[in-house]
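Okay, so here's the structure we're looking at.
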Amino acid sequence: MMRAILQKDLWSITSFLENQQYSFNKKNILTHLPEKFIEEAIESISSWENYTPTPLIKLNKLNKELKLKNIYYKDEDKRFDLKSFKALGGAFAVYKIASERKNITVSTATAGNHGRSVAWGAQRLGLKCKIFISEFVSESRADAMRNLDAEVIRVKGNYDNSLKECIKQSKENNWEIVQDVSWEGYKEVPKLIMAGYTIMIKEIIDEIDINSITHVFLQAGVGGMAAAMIAGFAKLSKNIPKFIIIEPENADCVFQSIKNNKPTRIDIKKETIMGGMSCGDVSSVAWEILKNSTNYCLTIPDKAISTAVALLAKSRLSDEKIIGGECAVPGLIALIGSFNNKEYLDKLQLNSESNILLFGCEGLTDKAMYQKLLSDGLQKI
């Protein structure tokens with residue numbers, strides 16, 4: 001492991017930004033993601049059949065190298081049969097919508113995991129489901145949604161194109177959109193989805209003293225999970241850690257929005273391996289939380305993804321073998337990359353008293369992609 005960790009050119013951080021507008025305000029955060037939403041989501045999801053909290057794993061071997069106090073990894077590969085935290089949000093939103101409206105058809109645009117959650121939620125309730133995907137979504141991910149009885153509609157272009165087509169056809173056919181990104185006039189459903197994610201914080205509280213956490217590394221696509229985790233801390237923790245947002249260098253809509261102090265659209269010219277994080281717009285609901293609650297934003301290239309996947313799989317970072325997909329490892333990469341840059345390390349104040357929380361937000365959600373990444377990574381470690 002040491003050989004792989006010491007490859008500074010591999011564990012690089014492309015861009016680093018300190019948020020000049022940082023001003024953490026619990027009351028304001030819980031205005032944008034209300035406490036009643038969080039409470040209902042936690043109560044509902046914890047009562048679902050086959051619900052089990054996902055593991056919180058200590059990356060003790062990595063911690064020995066980096067000389068921190070603790071590094072915790074929330075392993076979402078064990079989340080129901082969907083192997084992603086996304087199982088929590090979309091399915092909960094479908095449940096809430098269906099409790100108020102009967103005989104509906106639900107729709108969404110997705111890079112994969114969110115769509116599976118919506119499809120699963122619809123299947124559980126016997127609803128029709130339409131899923132829109134871009135040309136870059138793998139056929140294995142499409143099949144996973146078809147296996148949940150969803151109709152999958154492939155759209156030419158990227159994720160943003162699939163979202164536009166989803167909105168268009170949903171309006172024409174009176175389908176209920178269950179989308180994890182918000183826009184003007186569409187905010188209630190994304191709040192429900194984000195509320196579903198917050199059960200991860202409740203599960204962590206049941207395992208460790210969450211007030212001891214000093215740093216939380218959060219992946220961001222449209223920013224929904226990151227904002228939800230911050231809201232979870234605002235509601236359930238007395239201590240407020242540093243929140244660090246990580247994005248692909250080619251899809252850094254949160255980074256650019258915080259840099260410009262306003263939502264900023266990104267034109268994605270090159271797709272990243274981290275397909276679930278390849279988003280050009282920050283969700284407006286998420287933005288209202290992230291804009292003042294994020295301490296730092298980092299962007300990373302794709303090159304360390306396969307190495308990180310392999311290190312987890314081969315028990316090089318902990319005593320356990322961990323299956324983490326391409327979107328599970330950006331926080332891990334950013335953490336290691338910070339130790340290769342003294343300026344970043346000093347700004348983040350990472351030291352022997354630091355307790356780190358990472359979110360392994362997906363596991364084996366795309367078998368072909370995972371096997372390729374693992375094979376490539378094994379050659380590097």
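Rounded to the nearest Hz, the phi-derived 3J(HN,Hα) couplings of the stretch 279-284 under the Karplus curve 6.51 cos²θ - 1.76 cosθ + 1.60 (θ = phi - 60°) are 10, x, 10, 7, 5, 5, where x marks glycine and proline. Counting only residues at least eight positions apart within a chain, or on another chain, the aspartates and glutamates with an alpha carbon under 16 Å from that of LYS314 are ASP75, ASP77, GLU326, ASP376. Give the shape of the stretch 86-186 as rounded, prolate or oblate, defined through the alpha-carbon gyration tensor: a ≥ b ≥ c are the square roots of its eigenvalues, a/c under 1.5 means rounded, and otherwise the shape is prolate if a/b is larger than b/c and oblate if not. It comes out oblate by the Cα gyration axes.
Other residues whose C-beta falls under 14 angstrom from the C-beta of ASN261 contribute a net charge of +1, scoring Lys and Arg +1 and Asp and Glu -1. Paramagnetic label reach from ASN351 (point 7 Å along Cα→Cβ; backbone nitrogen cut-off under 18 Å): within the stretch 61-75, residues 66-71.
Between GLU320 and LYS128, the simple label model (points 7 Å from Cα in the Cβ direction) yields a spacing of 4.2 nm. Helices in the chain, meaning DSSP H runs of at least 4 residues, each add -39500 (n - 2.57). Divided by all residues, the mean residue ellipticity at 222 nm is -12500 deg cm²/dmol. Between TYR51 and LYS270, the modelled label-to-label distance comes to 4.4 nm, taking each label 7 Å out from Cα in the direction of the beta carbon. Taking GluC sites (Glu not before Pro) as exposed when DSSP calls them loop and at most 15 other C-beta atoms lie within 10 angstrom, the chain has its longest site-free stretch at 208-319. Here the Karplus curve 6.51 cos²θ - 1.76 cosθ + 1.60, taken at θ = phi - 60°, turns the phi angles of the stretch 171-182 into couplings of 5, 5, 10, 6, 8, 8, 6, 10, 10, 8, 10, 10 Hz, with x standing for Gly and Pro. The trypsin sites (Lys or Arg not before Pro) of the stretch 147-192 meeting both criteria, a DSSP state outside H, G, I, E and B (loop) and at most 15 other C-beta atoms within 10 angstrom of the site's C-beta, are LYS156, LYS187.
Counting only residues at least eight positions apart within a chain, or on another chain, the lysines with an alpha carbon under 19 Å from that of LYS171 are LYS102, LYS128, LYS130, LYS187. Need one number: nm distance between label points at ASP9 and ARG154, each 7 Å from Cα along Cα→Cβ, rounded to one decimal. Spacing of the two 7 Å Cα→Cβ label points: 3.7 nm. Please give me the summed charge of the neighbours of THR14: other residues whose Cβ is under 10 Å from its Cβ, Lys and Arg +1, Asp and Glu -1. Net charge around THR14: -3. Only Cα pairs under 8 Å and 6+ residues apart enter the sum, and on that basis the relative contact order of the stretch 101-184 stands at 35 percent.
Students often get this wrong: which residues of the stretch 158-175 have the backbone nitrogen under 11 Å from the point 7 angstrom along Cα-to-C-beta of GLU135? Once the point is set 7 Å along Cα→Cβ of GLU135, 158 turn out to lie under 11 Å by backbone N, inside the stretch 158-175.
Sorted by mean Cβ packing within 10 Å, highest first, what order do the peptides 119-126, 90-97 take?
90-97, 119-126
Each Cα pair under 8 Å and six or more residues apart adds its separation to the average, and for the chain the resulting relative contact order is 25 percent.
Every number here is computed from the coordinates shown, using simple stated rules; none is lab data. Only a predicted model underlies this, so the values are computations on that prediction, with no experimental measurement involved. Using ideal geometry, Cβ is built from the backbone for each residue, glycine included, and neighbour counts are taken over all protein chains shown.
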